[in-house]
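The values are calculated or read from the model by the stated rules, or taken from the named source; none is laboratory data. None of these values were measured; they are calculated from a predicted model. Positions of Cβ are backbone-derived with ideal geometry, glycine not excepted, and every protein chain shown enters the neighbour counts. The accessibility values were calculated without ligands, DNA or RNA, using every heavy atom of the protein model including side chains. Shrake-Rupley method; radii C 1.70, N 1.55, O 1.52, S 1.80 Å.
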Amino acid sequence: MELWQLRTFSVVARNLHFTRAAEELNLSQPAVSHQIKLLETEIGEPLFLREKEGISLTKAGHTMYEHAGKILDIADEMRLEISDNEKKTKGKITLAVVSRGLGNPFPKFYKRFKETCQDIEIVFQSEYKIENIVEKVRNGNIDIGVVTQDLDLTGLVVMPFGEFEILLVAGKNHHLANKRDITIDDLQGQDWITFESGNRIRLSSREYVTKLGIVPKSLYETNDGSLIRTMVAHDNKISLLPEWGILEELQEGKVVSIKVKDFQFMVPVNLIWKASRRTKTMSVVLTYLLESRVEGFKSASKQTS
């Protein structure tokens, strides 16, 4: 069994279509079919079910696909690491976050990083949906993704990055602002400002209130994070915002964080990347991310892979 056979099999398994796989591999369709037949003969098991509607993986095929991906990733990572050994650590890394509406939690981190690693550029890319980040990392259009949701991450390396807290915030003059620990009853019937439906923070906020067992009375919905912060600070409304998105206002005393008795809502964050794309430059960025502090995030254990 050779690496090139595993690559051919993996492309067919991903596409579940011999012709599309052949086009991607720049081979003829009969050549691809022949390679798969040889591999099935060597394994002694059919890897695909061939039916009129198309092809699908057998149980053996699923097992082969899982292990083939790991083997190919290791081979690619080894090749990249060897080729990087004599190169100076420099280049550009694309890092994607879901940050629409409240900006980006990484500017201060980037400033510190550039002071340490002047030859490496990090390009931040904002995505509206986490699914877009996963797809672009898997397709090689993004180097590192920051994700906050459990999705299908097959074929990607997943590293815990830390977590951030969703805070219940209000203006300093709000009647709940001076209560030490509020109860669920205190929140019933309050006027809320929320992000629009489909926004990532809105989804986390919905999970927050569901766990509390309350139904927010939303007076205003917008994806303009600056507007939400302003309305909370000056219009005596309350909202749910990630800690990193409201740090400046908290530090300046414009808003306060209201603590619900015996309740804290943390959102776990992972870094994801494709093993075959990990270079020395990416390793430097990953190490710095895992060992540095990003404001508004509580760090995971400091380890790298």
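For the reader, a short list of remarks on this structure follows.
- Residue check, residue 142 assigned to a helix (DSSP H, G or I) and open to solvent by less than 20 Å² (accessible area, probe 1.4 Å): no
- The stretch 210-242, residues that are more than 28 Å from the chain's Cα centre (by Cα) and among the basic types (Lys, Arg): 217, 237
- Scanning the stretch 38-70 for residues that are open to solvent by 60 Å² or more (accessible area, probe 1.4 Å) and touching a helix residue (DSSP H, G or I) at 6+ places or on another chain (Cβ under 6 Å) returns 45, 46, 65.
- Hey, residue 196 charged (D, E, K, R), open to solvent by 40 Å² or more (accessible area, probe 1.4 Å) and modelled with pLDDT of 80 or more or not: no
- Every listed requirement among (1) open to solvent by 10 Å² or more (accessible area, probe 1.4 Å); (2) in contact (Cβ under 8 Å) with a residue 24 or more places away in the chain is met by residue 239 save one, (1).
- Among the numbered conditions (1) assigned to a helix (DSSP H, G or I); (2) surrounded by 14 or more Cβ atoms within 10 Å (Cβ to Cβ), the only one that residue 210 does not meet is (2).
- Some residue of the stretch 184-200 being out of contact with any strand residue (DSSP E or B) (no Cβ under 6 Å at 6 or more places or on another chain) and either among the basic types (Lys, Arg) or part of a strand (DSSP E or B) (or both): yes
- Test: residue 250 is assigned to a helix (DSSP H, G or I), without any contact (Cβ under 8 Å) to a residue 12 or more places away in the chain and either of a type in the set (A, V, I, L, M) or over 30 Å from residue 157 (Cβ atoms) (or both): no
- Index of the failed condition, residue 240 passing every other in (1) of a type outside the set (Gly, Ala, Ser); (2) in contact with a Gly (Cβ under 9 Å, 6 or more places away or on another chain); (3) in a strand (DSSP E or B): (2)
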